[in-house]
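Undergrad: Let me begin by handing over the structure; questions about it come next.
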Amino acid sequence: MEYVIEMLGIRKQFGDFVANDDITLQLQKGEIHALLGENGAGKSTLMNVLFGLYQPEAGQIKVNGKEVQITDPNKANELGIGMVHQHFMLVENFTVTENIILGSEPTKMGLINIRKAAKKVKALSEQYGLNVDPYAKIEDISVGMQQRVEILKTLYRGAEMLIFDEPTASLTPQEIEELIQIMKRLIAEGKSIILITHKLKEIMEVSDRVTIIRKGKGIGTVTTAETNPDQLAEMMVGRQVVFKTEKTPAHPKEVILQVENLTVTDNRNIERVKNLNLSVRAGEIVGIAGIDGNGQSELIEAITGLRKVSSGKVTLKGKDLTNLKPRKITETGVGHIPQDRHKHGLVLDYPISYNIALQTYYQKPISKAGIIDYKKVNKLAEAIIEEYDVRTPSPSTEARALSGGNQQKAIIGREVNRDPELLIAALPTRGLDVGAIEFIHRRLIEQRDKGKAVLLISFELDEVMNVSDSIAVIHDGSIIDTVKPQETTEQKLGLLMAGQSLHAEQDKVGDE
Ligand SMILES: Nc1ncnc2c1ncn2[C@@H]1O[C@H](COP(=O)(O)OP(=O)(O)OP(=O)(O)O)[C@@H](O)[C@H]1O
Ligand SMILES: [Mg+2]
C-alpha cells in the first residue's frame, strides 16, 4: 500500500491534558480519508500537528515514506500539505489573486507580478472546476466561493495532500453538493484528501476510508463501503445513537413572541425582512425553514436587538421589545443561541466560566451590591459544563482553546439554563457531533414541554422536520406559508423555500 502521509503514534498534550494519545492515521494516495470523532475528540489538534501548527510530544510523521519534522506551516507547504481551515483567513478588501499570493514566495527581484499570478489562478481554477474570478474582491463573493479561494491557495502553493477541517459546516446544501464535486475532481487529478466532518451522510457519500477517534484515542480505521452510519456513530460515541428524537404532540398556549409587519434592512440599506408576521406560542417549537440569505439573520438580529428595526413591532408577552438594547431584551426573557458563535456568542479571550456567566454575572445571586462572587461564577460554570458535557480541561480554560463543538455546547447550556420565556436557537447544532445533536434536540423539546416558546432557525431540513411543531417558510424576507411537519415532505418544503406556492400549484391544477 502506498501512503502519502503516515501519522504514527502521535501524542499531543496541552499542559496535563492529553488531546491526542497514540493516534495513527495513514492516508493512501488518491483517497478521501474521513476523520471522525465527537466534539473535543482531538481531530483539529491532530490536523494542526500535521500542518506544523503544533509539535507532538511523541510519534512520527512520514510523507511519501520518509520521516519528516513539520516545524511550521511553511514546512508543511513545502512537503505538499495544504489546509483549508473552518474559519477562513482572507483579507476582505483584497482580490482573490492578492489573497492567494499573500505570504507566498516573492520572485527573485522581490516583486510579484499580479497579472502572471492571476493567470495561474485562472488556470488552476479551470483545471479543478472551481469557477473563481481571479479579480473578484473577497467581500463581494459568497462563503462557498471564499472557501474555493482557500482551496486555490493551497493548490497555488503546490499542495498534493489537502486537509479540510469541517468544510461543510458553514455551507448551504447547494454549496455542499458543489464542494463534493470539487473534492472528487481533486482526487481525479491525483490529490489525496483528509476530510473532517460530523455529517455521516457526507462521509458515506465521498470517503474511501474512515478513521475514528474518541477522547483523544484511536478507535480504528474502516472501509466506507463496509460500514454504515449506525456503526460509525456507535464507534465514535461508544453507544447507539438515535437519529430521530421522539416527542409527544405540542399543546401550544398563549402567544409569547409576536412579530408584526416587521421590516429590517441590512448594512447596505437593502430591505431583507419585508413586512414579516410571525408568532410563537408557549409550549411550541416554531421552525423557520428557508434558503440562506432570505432574511433569517436579519430577523433574528432584529428580535434580539442586534439590528435596528425600520418599521413594525416585536412584542414578548405583550411587552414591546422593538429596538431595545440587547441586554434589556435578554432580561425580559429572551435566550439566544446565535448563528455566529464567535461574533455574538463568546468572548474568546475570557475563561469559559466567565462566558457561561456572561448574561447573569451582574445579577443576584452571583453579584451583590456590585461585587461579583467568583466562587458562584465557577459553581454555575461547573454545573453547566457537567450537564451539557462541555469537554474542557478546566472551567478557567480560555474559550478560544475549546473545540468548536464544545464552545457551542457551552453557549447552549448558558442560554437554556436561564430558562427564558422565548428561546431563539439559530443553527444550534452547527458543528456538533451526532450524539450532541441528539442531546440538544431533546433539550429544545424539554423547554417546550416546560411551556416555553422556542424559535428554531436551521438550514438542515431534517432538523426542521424532526424538531419543530410548526414550520414557517421564509422567502425573500416574508413568511410565505406555515405548515405542519407531519403534513409535508422535505420535497414540498424545498419547493416552498424556493418561493413556489403549493396552493398556487394546486389552484392551477384545479383550473385545468
Ligand atoms: N490550545 C489549547 N489549549 C488547551 N486545550 C486545548 C487547546 N486546543 C485544543 N484543546 C483541547 O483539546 C481537545 C481537543 O480539541 P480539538 O479542537 O482537537 O477537538 P475536535 O475533535 O476538533 O472537536 P470539534 O469537533 O468540536 O471541532 C479539547 O478538549 C480542547 O479543549
Ligand atoms: Mg475541530
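Undergrad: Calculate the FRET efficiency for Glu487 and Gln174 from the Cβ-Cβ distance with a Förster distance of 22 Å, rounded to the nearest 0.05.
TA: Values: r = 26 Å, r/R0 = 1.17.
Working from the Cβ atoms, E equals 0.30.
Undergrad: Sticking with this one: For the pair Lys62/Ser396, report the inter-label distance in nm, with labels modelled 7 Å from Cα in the Cβ direction.
TA: Result for the modelled spin labels: 4.3 nm.
Undergrad: Pop the C-beta distance of Asp208 and Leu53 into the FRET formula with R0 = 22 Å and round what comes out to the nearest 0.05.
TA: Numbers: r = 26 Å, r/R0 = 1.18.
Efficiency for this residue pair is about 0.25.
Undergrad: Report, to the nearest 10°, how far helix 434-449 tilts away from the longest principal axis of the Cα atoms in the chain, using its own Cα long axis and a range of 0 to 90°.
TA: 10 degrees
Undergrad: Give the distance, in whole Å, between the Cα centre of the stretch 1-78 and the Cα centre of the stretch 161-186.
TA: The stretch 1-78 and the stretch 161-186 have Cα centres spaced 21 Å from each other.
Undergrad: If you don't mind, another one. For Thr223, what charge total do you get from the other residues with a beta carbon under 9 Å from its beta carbon, if Lys and Arg give +1 and Asp and Glu give -1?
TA: Values: positive: Arg209; negative: Asp208, Glu226.
With Lys, Arg at +1 and Asp, Glu at -1, the neighbours total -1.
Undergrad: Averaging sequence separations of C-alpha pairs under 8 Å and six or more residues apart, then dividing by the length of the chain, give the relative contact order as a whole percent. List each step's numbers first, then the result.
TA: Values: 1028 pairs, mean separation 78.1, N = 512.
For the chain, the relative contact order is 15 percent.
Undergrad: Let me ask something else about it. For a label point 7 angstrom out from the Cα of Ser104 toward its Cβ, which stretches of the stretch 140-174 have the backbone nitrogen within less than 18 Å?
TA: Counting only backbone N, you get 146-163.
Undergrad: Same structure again: How far is the Cα center of the stretch 446-463 from the Cα center of the stretch 108-160, in Å?
TA: Between the Cα centre of the stretch 446-463 and that of the stretch 108-160, the gap is 41 Å.
Undergrad: Another question, if that's okay. Considering the Cα positions of the chain, please state its Rg to one decimal place and its Dmax as a whole number of Å.
TA: So, for the chain, Rg and Dmax equal 24.1, 74 Å respectively.
Undergrad: Using 0.36 nm per residue of separation minus the Cα-Cα distance, give me the extension gain between Ile114 and Gln231 in nm, one decimal.
TA: Numbers: separation 117, 0.36 × 117 = 42.12 nm, distance 5.01 nm.
Answer, rounded to one decimal: 37.1 nm.
Undergrad: Using 7 Å Cα-to-Cβ label points, what is the Ala123/His87 separation (nm, one decimal)?
TA: About 3.6 nm separates the two model spin labels.
Undergrad: Using a 7 Å offset from the Cα along the Cα-to-Cβ direction at both Asp476 and Lys364, what is the distance between the two label points in nm, to one decimal?
TA: 5.3 nm
Undergrad: Using only DSSP helix segments of four residues or longer, with each worth -39500 (n - 2.57), what per-residue ellipticity at 222 nm results for the chain after dividing by its residue count and rounding to 500?
TA: On the way: 17 runs with 170 residues, N = 512.
Rounded to the nearest 500, it is -9500 deg cm²/dmol.
Undergrad: Tell me, what is the FRET efficiency for Phe17 and Arg442 to the nearest 0.05, using R0 = 41 angstrom and their Cβ-Cβ distance as r? Write out the running numbers ahead of the final one.
TA: Numbers: r = 29 Å, r/R0 = 0.70.
Efficiency, from the Cβ-Cβ distance: 0.90.
Undergrad: Run the paramagnetic zone check for Ile371: 7 angstrom along Cα to Cβ, then residues of the stretch 326-361 with backbone nitrogen under 18 Å.
TA: 361
Undergrad: What does the charge add up to near Thr315, with Lys and Arg as +1, Asp and Glu as -1, over the other residues with Cβ less than 14 Å from its Cβ? Walk me through the intermediate numbers first.
TA: On the way: positive: Arg281, Lys313, Lys317, Lys319, Lys328; negative: Glu254, Glu260, Asp320, Glu421.
So the environment of Thr315 carries a net charge of +1.
Undergrad: Straight-line reach only, C-alpha to C-alpha below 21 angstrom: list the lysines that Lys325 could link to, leaving out same-chain residues fewer than 8 apart.
TA: Within reach: Lys308, Lys313, Lys317, Lys343, Lys364.
Undergrad: Enumerate the lysines that Lys201 could reach by cross-link, defined here as Cα to Cα under 19 Å, with residues fewer than 8 away along the same chain left out.
TA: Lys43, Lys184, Lys244
Undergrad: Give me Rg/Rg_expected for the stretch 3-237, where Rg uses Cα atoms only and Rg_expected = 2.2 N^0.38 Å with N residues. Each step should come with its number before you reach the end.
TA: Values: Rg = 17.7 Å, N = 235, 2.2 N^0.38 = 17.5 Å.
Here the answer is 1.01, to two decimals.
Undergrad: Could you work out how much longer the chain between Lys343 and Ser311 gets when fully extended? Use 0.36 nm per residue separation minus the Cα distance between them, nm to one decimal. Numbers along the way, then the final one.
TA: On the way: separation 32, 0.36 × 32 = 11.52 nm, distance 2.56 nm.
Separation in residues times 0.36 nm, less the Cα-Cα distance, equals 9.0 nm.
Undergrad: Rounded, prolate or oblate: which fits the stretch 372-430, taking a ≥ b ≥ c as square roots of the Cα gyration tensor eigenvalues, rounded meaning a/c under 1.5, else prolate when a/b beats b/c?
TA: Details: a/c = 2.19, a/b = 1.17, b/c = 1.87.
Cα axes put the stretch 372-430 in the oblate bin.
Undergrad: How much length is gained on full extension from Asp449 to Tyr135, taking 0.36 nm per residue of separation minus their Cα-Cα distance?
TA: Residue separation times 0.36 nm, minus the Cα-Cα distance, leaves 107.7 nm.
Read the figures in this text as sums done on the coordinates, not as results from a lab. All of these numbers come straight from a predicted model, not from anything done at the bench. FYI the Cβ positions are ideal-geometry reconstructions off the backbone, even for glycines, and counts take in every protein chain you see.
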